[in-house]
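One structure is given below, encoded as structure tokens.
The values are calculated or read from the model by the stated rules, or taken from the named source; none is laboratory data. Predicted model only: the values in this text are computed from it and were never measured. Note that we place each Cβ from the backbone using ideal geometry, even for glycine, and neighbour counts take in every protein chain shown. The protein model used for the area step is the full one, side chains on, heavy atoms only, and it has no ligands, DNA or RNA in it. Shrake-Rupley method; radii C 1.70, N 1.55, O 1.52, S 1.80 Å.
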Amino acid sequence: NNYVITNRHVVELAETLTVNFIDKNTGDFSEKPYEGLKILAVSSDIDIAILEFPKGVKPFKTGLQIYTNALDDGDSVWTAGFPAFEGKPAWQLGTCSITNATAKLDSLIKSNISTVIQHNAQIDGGSSGGPLLLKDSSAIGGYKVVGINTWKATNRQDTNFAIPAKVVQTFINDAISGKYKEKNNLKELKLRLDDFAKIIANKEAKYEEVLPFISMDYVS
């Protein structure tokens, strides 16, 4: 099966999705749309989603490989994506380095779940959900995925954050195995209600803290 991995906030108001593939071998870089993708699963703990193509639709034979080994500060990384330029998505590949391989930022991901990768490789508005890559000539396409670019600090220069590939791989495995469909049980509901009650009781809480508890179906 073919799947697309992206950020939850990219697709959170969608019921179905269309993905465009660009064929650089045609000479005119023509686009081929694939319609009717569904959201297979989203995580309430991390900003991540997995999309599946309609049954029988397989536009690619192989995907990018995921690299889950530990990274080091100073490692060279690449960012890839289609941030907007003049109102249209435009291909962009940028490079720089990891500035903090294990940044602890509870406002992004709770540290008991995972740290995040801080880097200064190029990303812009619209880069969300794109891969953070490590160059590897032996890999498919010449790169391996070490994370998903998700956040950009507006009050810092060249400070970007990615979800580590190890967390992504676990999410993919759980989503495909149906674990997220099995989370509608009373124990899980009780935990969610307890977390919700704590936020509501906190007079200093910000509205963003309530968002994970709002049904995307309801918002849509």
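Take the range 111-141 and flag every residue that is among the hydrophobic types (A, V, I, L, M, F, W, C), touching a strand residue (DSSP E or B) at 6+ places or on another chain (Cβ under 6 Å) and part of a loop (DSSP other than H, G, I, E, B). Selection gives ALA121, ILE123, ALA139.
Does LYS110 satisfy the criteria of being without any contact (Cβ under 8 Å) to a residue 12 or more places away in the chain and charged (D, E, K, R)? It is false that LYS110 is without any contact (Cβ under 8 Å) to a residue 12 or more places away in the chain and charged (D, E, K, R). Of the strands (runs of 3 or more DSSP E) lying entirely inside the range 11-105, those carrying at least 3 residues that are under 30 Å from SER177 (Cβ atoms) and among the hydrophobic types (A, V, I, L, M, F, W, C) are 17-22, 31-42, 49-52.
Of all residues in the range 105-116, none are closer than 30 Å to ASP23 by Cβ, open to solvent by 50 Å² or more (accessible area, probe 1.4 Å) and of a type outside the set (Ser, Thr, Tyr). I'd like to know if the range 124-135 contains one or more residues that are in contact with a helix residue (DSSP H, G or I) (Cβ under 6 Å, 6 or more places away or on another chain) and either within 23 Å of ASP47 (Cβ to Cβ) or surrounded by fewer than 18 Cβ atoms within 10 Å (Cβ to Cβ) (or both). Checking the range 124-135: at least one residue is in contact with a helix residue (DSSP H, G or I) (Cβ under 6 Å, 6 or more places away or on another chain) and either within 23 Å of ASP47 (Cβ to Cβ) or surrounded by fewer than 18 Cβ atoms within 10 Å (Cβ to Cβ) (or both).
Taking the numbered list (1) at pLDDT 95 or above; (2) crowded, with 18+ Cβ neighbours inside 10 Å in turn, CYS96 passes all entries but (2). For the range 142-186, the tally of residues that are in a strand (DSSP E or B) and in contact with a Lys or Arg (Cβ under 8 Å, 6 or more places away or on another chain) stands at 3.
Take the residues in the range 155-178 that are touching a residue at least 40 places away in the same chain (Cβ under 8 Å) and surrounded by fewer than 16 Cβ atoms within 10 Å (Cβ to Cβ); name whichever of them is nearest to ALA80 (Cα to Cα). Please lay out each step first, then the result.
Step one: filter the range 155-178 for residues touching a residue at least 40 places away in the same chain (Cβ under 8 Å), giving 158-169, 171-172, 174-176.
With surrounded by fewer than 16 Cβ atoms within 10 Å (Cβ to Cβ) added as a condition, the list becomes 158, 169, 176.
Values: ASP158: 16, GLN169: 19, ILE176: 25 Å.
Out of the qualifying residues, it is ASP158.
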